[in-house]
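Worksheet for the structure shown next.
Each value in this text was obtained by applying a stated rule to the coordinates, not by laboratory testing. Because the structure is predicted, anything quoted here is derived from the model rather than measured. Cβ sites come from the backbone with ideal geometry, for glycine too, and all protein chains shown count toward neighbours.
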Amino acid sequence: MQLLTLTAGLGLLSVVQAMMPPLSPASSEQILGKWYIRRWAGDMPIPEWRWKDPLPPFTFERNSLDELEFRMNLTKPIGCIQYKLPLYEGEDPGTFFTWWRHIIYIHFLPEKRFAVAYFRGKMNYEYYQMMMLMARTLKTNLDSLRVFKMFMMSKMGKNAKTKKPPHAEACELPSDS
C-alpha cells in the first residue's frame with residue numbers, strides 16, 4: 001500500500017513539473033532596464049496595510065563602477081528618494097548576491113518579458129521567503145500568472161500570501177543644483 005502511495009505521489013509530481021514551462025536563468029545583461037512588480041508573495045512579517053502600498057517600477061542599471069544595481073524611486077514624507085541595492089552575479093546562472101550575502105534567484109519565463117525573482121534566506125534568526133513576478137509591461141498575461149502561482153506553490157506551499165500591488169509611477173528625484 002505504501003509503495004502504491006509513493007508511486008502515485010511521484011506520478012503527480014512529474015505531471016505538475018510537466019505542466020510548468022521551463023524557467024531560464026537570467027544574466028545581469030538580460031535584466032537591465034525597467035521592470036514592474038505584477039505580483040508579490042512571501043511569508044515575511046510585513047504588516048497587512050503595507051501589502052496595499054502602491055509600488056513604482058524599478059530598474060536594473062550599471063553604476064559608475066560598472067556594477068549591477070537595483071534602483072527604485074520611493075515617495076517618502078521628506079520627498080522622493082532613490083533606493084539602491086548593488087547586486088553581484090553569482091557563479092550559478094540566475095543567482096545574484098546582495099552585500100548582506102543574501103541570494104536572489106532571477107529566472108525568465110519562456111518569452112523573457114516576464115521573470116520571477118525569488119529569495120529564501122535568514123533574517124533576524126528566522127528563515128523567510130519572498131518572490132515577485134516582474135514584467136517589462138503593465139499588461140496582464142494569464143499564462144505568466146499561472147506559472148508564477150505554480151512556482152509559488154512549489155516553493156512556499158498553499159499558505160503563502162500573494163498580492164497584486166497597485167501600480168504607482170516613480171517619483172522624480174530632485175535635480176542637483
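As a calculated quantity, the FRET efficiency between E61 and K149 at R0 = 45 Å, using C-beta atoms, amounts to about 0.90. Couplings for the range 59-64, taken from phi via the Karplus curve 6.51 cos²θ - 1.76 cosθ + 1.60 with θ = phi - 60°, read 10, 10, 9, 8, 8, 5 Hz in order; Gly and Pro are left as x.
Working note: Karplus 6.51/-1.76/1.60 with θ = phi - 60° gives the range 23-39 the couplings 9, 10, x, 9, 9, 4, 5, 6, 9, 4, x, 8, 9, 10, 8, 9, 9 Hz, where Gly and Pro are set to x. Computed from phi, the 3J(HN,Hα) profile of the range 77-89 under the Karplus parametrisation 6.51, -1.76, 1.60 (θ = phi - 60°) reads x, 7, x, 8, 10, 9, 8, 10, 9, x, 10, 10, 5 Hz, with x in place of Gly and Pro.
Positive-end ranking of P86, P25, Y128 along the dipole of the chain, with charges on Cβ about the Cα centre, is headed by Y128.
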